[in-house]
Amino acid sequence: MKLLLWLVVCGFSVLHIKSALAEDGVLVVEYGETFESGSDIHMRYYLVNPEGNHRLLFSDEFMAQNPVHLWSGKRVRVQFKDQPGESGRWTQSIELLEGAQRGGITGAQPWVSILCKFNDVPAEPENFSFFQNMYANLPAGLDHYWREVSYENINVVGSLAVDWVDLPGTHTFYVPTPGSGTDANLNSLFDDCTDAADPFVDFSSGFVGINMMFNELLDCCAWGGGLGATLDGLFRSWRVTWNPPWSFANEGVIAHEMGHGFGLPHANNSDGDGNPYDSPWDVMSSATGRAVDDPVYGRLGKHINMQYKYRLGWVNDGDGFIADALTDTVIVIDQTALAATINHRFARLPLADGSHYMVEVRKQVGNYESNLAGEAVIIHHVVSGRSEPPWVIDQDVPPADFSDNEGVMWKVGETFNDPIDGYTVEVLSETTDGFEVRITGSDLIFADGFN
Ligand SMILES: [Zn+2]
């Protein structure tokens, strides 16, 4: 009886400890970046819930085994290994709470830009109307941009700017080493910036995100991600960006940081150099490379790779062609900026190792794509677990450092031969809005004896 009692007590205490070490919330990844080649990229991970912003620590082994970047912006349950330490909390496991692995970013997504001045820096790098008009539904405006990129699945209607307000602290109070390091106090900047703007905006009136525009350098970086906070009585996991003047000098950088706010990781090329800013086919990689230059807003955002449009729910399986080992088909894939099409937007080629290829078409058209490196079929290899899931494939050996080269552009007469499962993608002809391609699966090649 004594033993039984001991077991019961022990059992309860184990249960109690377990529940104290598990918490639900939104997984937020915060990215700090300069976009310069060879510069470090900084990533911080948080579990956001009404109890706070819990900094998460992951071992390399944990990162290798869990698709953390796939789940950014999603509701998760985190099991901790220990109580919070100074630098964060070690993570035992993460479990996705939502059923849906994708989608969720649709409809109106109003953001508010807050223009914040350090109290010892008088400069106003741009005026109020610059920031207000940045959200316009006109070419070069962010409402126009996000409508086009999302095929009208989202807009940023209702977004507005709040004119310059003064922070209570000096520049170096928030940013001890301007232009270097990672010591900007992002939380204080957020608290004081939103506080200074509070008389002029009702944060509880439907905003999803906050773009903070500062009048001087932060630390090394511009930052994008999110933060949990109660503003005007409303708690939410806000999409948040922290921008120094060089950031809003090119709207593509703002679009990139808003993309992080929507939960998107980086895209990359295939050169294996650890720099995720070297694919000029994606605003989530090189934010300004091969971008359209606007006289007012600088380098604009370009489109986002098709895998991320699929991830956010802006295209679905029915918009593309899904291949298999027995595929032998000729299809037309239209260019990504086309508002509507009866042809395909993409082809997905699933691979036996769980990864896949995403085939899309890019043309030098419209307000955001006309300065691309060329017109071609572009293929990304998508591996869900890595920190930049899509890497644009380059047939040059070695792959180019910056992927504006012919090697990433599949043109008429060229064939991509998949080295993993044996698919082929042959570019047959060019059409007004796209390319006609023949896709064959691996089994077909063996059956035909061409291997
Ligand atoms: Zn980034």
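Things to note:
- Segment 352-451: chymotrypsin sites (Phe, Trp or Tyr not before Pro) falling in loop per DSSP and having at most 15 other Cβ within 10 Å: F450
- ³J(HN,Hα), Karplus 6.51/-1.76/1.60, whole Hz, each residue of segment 375-385, x for Gly, Pro: 10, 6, 7, 10, 10, 9, 8, 10, 10, 4, x
- Cα-based equivalent ellipsoid, segment 107-299: semi-axes from gyration tensor eigenvalues, Å: 25, 21, 16
- Above 20 Å, the calculated P(r) of segment 226-349 contains 57 percent of its Cα-Cα pairs.
- Spin-label pair A136-F173: with each label point 7 Å from Cα along the Cα-Cβ axis, the two points sit 3.7 nm from one another.
- With at most 14 other Cβ atoms within 10 Å, longest stretch of the chain clear of loop GluC sites (Glu not before Pro) (DSSP): 153-413
- Solvent-accessible heavy-atom area per residue, rounded to whole Å², over the chain at 1.4 Å: 40
- Estimated vicinal HN-Hα couplings, Hz - segment 197-204 in sequence order (Karplus 6.51, -1.76, 1.60; Gly, Pro = x): 8, 3, x, 10, 8, 9, 5, 8
- Cα-based shape type of segment 315-448, given that a ≥ b ≥ c are square roots of the gyration tensor eigenvalues and the cut on a/c is 1.5: rounded
- Backbone amide hydrogens, once placed in the peptide plane, bring L57 within less than 5 Å of R89, W90, T91, excluding anything fewer than 5 places away on its chain.
- FRET E, pair Q92, S188, Förster distance 30 Å, beta-carbon r, rounded to 0.05: 0.50
- Each Lys and Arg adds +1 at its Cβ and each Asp and Glu adds -1 at its Cβ; summed about the Cα centre, segment 19-96 shows a dipole of about 280 debye.
- The slack between D443 and R77, meaning 0.36 nm per residue of separation minus the straight C-alpha distance, is 127.6 nm.
- Taken one residue at a time, the phi angles of segment 232-249 give Karplus couplings (6.51, -1.76, 1.60, θ = phi - 60°) of 6, x, 10, 8, 7, 7, 7, 7, 9, 10, 10, 10, x, x, 5, 6, 7, 5 Hz. Gly and Pro are set to x.
- Label separation (F235 vs H42): 2.8 nm, computed from points 7 Å beyond Cα along the C-beta direction.
- When the pairs K74/K309; K81/K309; K74/K117 are compared against a 25 Å limit on Cα-Cα distance, K81/K309; K74/K117 fall above it.
- In nm, spacing of pseudo-spin labels at N119 and V330 (7 Å Cα→C-beta vector): 7.2
- For the chain: span of alpha carbons on each principal axis (Å, largest first): 76, 68, 38
- Taking every C-alpha pair closer than 8 Å and separated by at least 6 residues, the mean separation divided by the residue count of the chain gives a relative contact order of 13 percent.
- Within the accessible area of the chain (1.4 Å probe), percent carbon and sulfur: 52
The values are calculated or read from the model by the stated rules, or taken from the named source; none is laboratory data. Because the structure is predicted, anything quoted here is derived from the model rather than measured. Cβ sites come from the backbone with ideal geometry, for glycine too, and all protein chains shown count toward neighbours. Heads up: the accessible areas ignore ligands, DNA and RNA and are worked out on the full protein's heavy atoms, side chains in. Shrake-Rupley method; radii C 1.70, N 1.55, O 1.52, S 1.80 Å.
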